[in-house]
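Quick note: the coordinates plus some simple rules give every number you see, no bench work behind them. This is a predicted model, so every value here is computed, not measured. Cβ sites come from the backbone with ideal geometry, for glycine too, and all protein chains shown count toward neighbours.
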Number of protein chains: 2
Amino acid sequence: MLAVWSGRHAGHDPQHEVQFGERIPIYEVPARAEAIRAALEADGGFSLVGPRDHGTGPIEAVHDPAMLRYLEEAWRDWEALGRGGELVPHTVLHPGLREGMGPAAEPSTPAGRIGFWCFETMTPIVAGTYEAVRAAADVGLTAADAVLGGERAAYALCRPPGHHAARAVFGGYCFLNNAAIAAEHLVRETGEPVAVLDVDYHHGNGTQQLFWERGDVLYVSLHGDTRRAYPYFTGSPEETGAGRGRGATMNVPLPEGCSDDRYLDLLDRALEAVAGFPGETLVVSLGLDTLAEDPITDLALTLDVYPEIGRRVGALGRRTVVVQEGGYHLPSLGEGVVGFLRGVGGG
Amino acid sequence: MLAVWSGRHAGHDPQHEVQFGERIPIYEVPARAEAIRAALEADGGFSLVGPRDHGTGPIEAVHDPAMLRYLEEAWRDWEALGRGGELVPHTVLHPGLREGMGPAAEPSTPAGRIGFWCFETMTPIVAGTYEAVRAAADVGLTAADAVLGGERAAYALCRPPGHHAARAVFGGYCFLNNAAIAAEHLVRETGEPVAVLDVDYHHGNGTQQLFWERGDVLYVSLHGDTRRAYPYFTGSPEETGAGRGRGATMNVPLPEGCSDDRYLDLLDRALEAVAGFPGETLVVSLGLDTLAEDPITDLALTLDVYPEIGRRVGALGRRTVVVQEGGYHLPSLGEGVVGFLRGVGGG
């Protein structure tokens with residue numbers, strides 16, 4: 001199977017995230033991508049290639065161009081403040097701040113800009129962030145191109161991840177929504193509908209928002225019930241899309257301690273929705289943070305289940321782009337990803 | 001002059017605020033209120049009295065009752081997490097998260113709830129916060145009652161401050177909008193329009209939001225230009241209200257390094273707007289953070305100017321409730337407040 005990756009992810013190397021105002025070591029580290037790459041290489045069944053530069057067009061087809069411009073300028077902004085370290089917001093544009101007043105304009109001052117575009121304190125910007133997120137988008141697009149070119153499946157080793165990034169806000173370790181950018185690219189290139197299946201532990205709130213009113217992109221997500229789990233403000237089964245997108249969003253909340261068997265049952269329900277949706281192409285947002293050992297989540301999946309999840313996804317018979325999202329238990333990450341991909345590929 | 005205060009403010013005693021993800025000693029400390037109280041007592045021209053309990057009615061006339069309930073429950077929520085310390089959010093409900101999807105429902109989980117109601121990381125909740133903010137609202141209401149009872153002017157030594165709290169979101173050291181609660185109480189009790197003049201360094205975004213569409217409450221604010229200054233997302237002179245409130249909001253941005261003379265010129269413009277507004281009653285949001293020595297702001301006012309600001313406010317001839325907001329240079333705080341109040345009272 002073709003696997004696309006870029007070493008430029010390593011430039012995005014913040015040391016901390018801020019939880020409840022406390023700086024702790026960040027879970028989303030460069031070693032994640034390196035662990036996966038090493039496992040792909042060791043397996044021998046994957047051809048690793050670099051990404052092709054797609055420019056800003058496919059990104060701006062999904063995200064507000066002003067957010068992309070901000071990401072390009074953010075580190076320079078921060079350096080101009082002379083503070084050093086890593087940029088996270090302290091003051092965020094909350095809807096209650098302008099209730100009844102209409103949308104805000106982007107502030108010009110750095111402290112205002114970061115809170116205009118970012119919704120939380122766990123996604124620091126550092127000097128190499130912009131180059132890394134542009135490379136991650138290209139990794140996803142290049143894997144999509146491979147599938148457009150006839151490959152049955154391709155893997156995009158994206159880092160940073162993407163599924164929490166919405167049209168005009170980022171956070172949750174994510175800056176640009178690599179899976180959504182790839183899906184939109186596939187829609188435009190094929191002229192056909194595309195399904196997105198999100199098996200990361202966390203609800204892909206960004207992807208849901210981006211395709212909420214789109215009838216030509218199905219979004220189906222299995223995730224820790226957001227009544228208890230990040231990102232809190234979306235992800236309920238009552239959310240099914242709007243306008244032309246009515247019925248093209250499906251959320252399947254997972255209970256705490258969810259087992260392999262229970263997960264596979266719920267997965268089958270999600271796969272039925274994909275099978276009933278038109279189109280030949282599937283994008284999978286793959287997170288390994290559903291694993292029992294994951295340090296930031298609360299399910300009970302074992303490593304053995306990932307090949308079976310992959311097998312059931314592969315059984316859909318769709319051309320498939322697998323895009324890496326989360327997963328924070330470093331010792332299991334490579335095995336989990338390889339297992340899933342071999343399942344998809346029938347290996 | 002009557003001065004209302006409550007010792008219960010002291011229960012709100014967080015040690016830190018979080019700026020750009022970094023914990024630093026908080027500027028909004030109990031010693032602020034104690035410094036002002038000591039200066040009022042030393043002056044001899046003030047009668048200090050405690051607040052009367054007004055219940056939740058006047059608060060719920062201004063704020064979302066669900067936010068008040070959250071403030072009452074927040075510390076219990078936080079203790080249930082077993083984390084200790086001080087509660088600030090890490091994930092905030094940003095409008096981009098639900099763009100096109102309609103408003104969010106309040107999450108049930110503590111990490112979601114705090115970011116649903118609070119827009120930043122500099123307003124920690126501790127064990128005594130709820131009692132303190134309820135007392136501060138009563139302090140403002142009791143000063144308003146004094147003016148309703150015939151006093152020419154009364155001072156509310158509110159702490160925590162209030163003017164950054166909007167209908168359904170809090171932050172900026174503020175939880176409940178003491179000045180807005182007092183203003184609404186005055187409107188309801190007199191049946192007449194009320195003007196609010198905000199001379200705190202920071203734009204009173206909460207007060208503006210609360211009265212944005214109200215023609216019976218004028219909001220006039222002089223503040224550090226929010227193109228450079230907190231709270232960033234509101235405060236421009238183009239914002240003048242909407243609906244019945246069109247023309248009843250006036251923002252006067254102040255340049256960096258603003259001098260006494262320049263300030264008084266701009267103040268006169270603001271006072272003209274108040275003089276042209278019907279009604280007999282004025283609420284002043286008083287911040288001393290316009291002072292050159294203030295550690296978190298950038299104007300160049302001297303202590304000598306506050307009696308003159310007070311004198312010009314007093315010359316409006318309106319019954320006046322002065323509500324304490326910010327001011328973080330402890331050694332000057334008492335002298336500044338007393339000077340302002342003596343100016344208002346003609347002393």
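Quick notes on this one:
- Here region B:128-226 is assigned +1 on the Cβ of each Lys and Arg and -1 on the Cβ of each Asp and Glu. Its dipole about the Cα centre then comes out at about 160 debye.
- Working from Cα pairs under 8 Å separated by at least six residues, relative contact order for chain B is 18 percent.
- Cα pair distances of region B:225-288 binned at 10 Å [whole percent]: 17, 48, 32, 4
- Principal axis dimensions, largest first and in whole angstrom, of region A:90-129 by Cα: 38, 20, 13
- Across region B:150-263, Cα-Cα pairs more than 22 Å apart make up 31 percent of the total.
- Across region A:1-84, C-alpha contacts under 8 Å between residues 6 or more apart give a mean separation that, scaled by the residue count, equals a relative contact order of 32 percent.
- Neighbours of A:Trp117 by Cβ distance under 14 Å: Lys/Arg scored +1, Asp/Glu scored -1, total -4.
- Every Cα-Cα pair in the protein assembly as shown was counted, and those over 32 Å apart are 52% of them.
- Normalised contact order of region A:39-131, rounded percent, pairs of Cα under 8 Å and 6 or more residues apart: 31
- Other copies of A:Ala127: label-to-label distances in nm, shortest first, labels 7 Å along the beta-carbon direction: 4.6
- Cα gyration tensor, region A:101-191 - rounded (a/c under 1.5), prolate or oblate: prolate
- For residues of B:15-27, the mean tally of beta carbons on other chains within 10 Å: 5
- Extension gain from B:Arg312 to B:Ala105, taking 0.36 nm per residue of separation minus the Cα-Cα distance: 69.9 nm
- Convex hull of Cα atoms in region A:38-145, direction-averaged projection (nm²): 9.3
- Loop-located GluC sites (Glu not before Pro) in region A:219-264 whose Cβ has at most 11 other Cβ within 10 Å (DSSP): A:Glu238
- Degrees, to the nearest 10: A:65-80 long Cα axis against longest axis of chain A: 50
- Counting charges near A:Gly235 (Lys, Arg +1; Asp, Glu -1) among other residues having Cβ under 9 Å from its Cβ returns a value of -1.
- The protein assembly as shown - share of DSSP beta bridges that are antiparallel (%, nearest 5): 20
- Summary for B:Arg227: label point 7 Å along Cα→Cβ; distances to the equivalent points in the other copies, ascending, 4.9 nm.
- Between the Cα long axis of helix A:260-275 and the first principal axis of chain A there is an angle of about 90°, rounded to the nearest 10.
- Principal-axis tilt of helix B:305-314 within chain B, Cα atoms, nearest 10 degrees: 80
- Cα-based radius of gyration of region B:261-304 once divided by 2.2 N^0.38 Å, which approximates compact folds: 1.40
- Calculated label separations, A:Gly317, copies of the chain, 7 Å along the beta-carbon direction, nm: 8.9
- With viscosity 1.306 mPa s and temperature 10 °C, the Kirkwood radius over alpha carbon pairs of chain B converts through Stokes-Einstein to a diffusion coefficient of 80 µm²/s.
- Helical contribution to [θ] at 222 nm, DSSP H n ≥ 4, -39,500 (n - 2.57), averaged over chain B, rounded to 500: -11000 deg cm²/dmol
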